[in-house]
Amino acid sequence: MKIVNKLKNIRTQMGLSQRELAKKAGLSPSLIAQIELGQKHPSWLTADRIAAALGVPVEIVFPRFAKRLSPKLEDTTKAKV
């Protein structure tokens, strides 16, 4: 299943409109629509916000981020020189 279809499927299964998801994620409805249509690829932060609004791990909706740590965690795990 394509990533864009995953987002739409999860969103609709939860009974959310694009506008409702956007509001929960703090994003614009047009950005949600563009991601679902495959016109835009979300940054990690945007993907994380969408996943959090859906209540699922980010890798469920956006598998390309499966092994990526949160930017906050990355900052704390870098070795100090």
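Of the heavy-atom accessible surface of segment 1-51 (probe 1.4 angstrom), what whole percent is carbon and sulfur?
Carbon and sulfur: 51 percent of the exposed surface of segment 1-51.
When the gyration tensor of segment 1-45 is built from Cα positions, what are the square roots of 5 times its three eigenvalues, in whole Å, from largest to smallest? Intermediate values should be presented prior to the final figure.
Numbers: eigenvalues 42, 39, 15 Å².
Largest first, segment 1-45 gives 15, 14, 9 Å.
How much length is gained on full extension from Met14 to Ser28, taking 0.36 nm per residue of separation minus their Cα-Cα distance?
This chain segment gains 3.2 nm when fully extended.
Top to bottom by accessible area (1.4 Å), largest first, where do Lys23, Lys40 land?
Numbers: Lys23 170, Lys40 100 Å².
From most accessible down to least: Lys23, Lys40.
The values are calculated or read from the model by the stated rules, or taken from the named source; none is laboratory data. Nothing here was measured: the structure is a model prediction, and the numbers come from that model. Ligands, DNA and RNA are stripped out before the accessible areas are found, and what is left, the full protein with its side chains, is counted by its heavy atoms. Shrake-Rupley method; radii C 1.70, N 1.55, O 1.52, S 1.80 Å.
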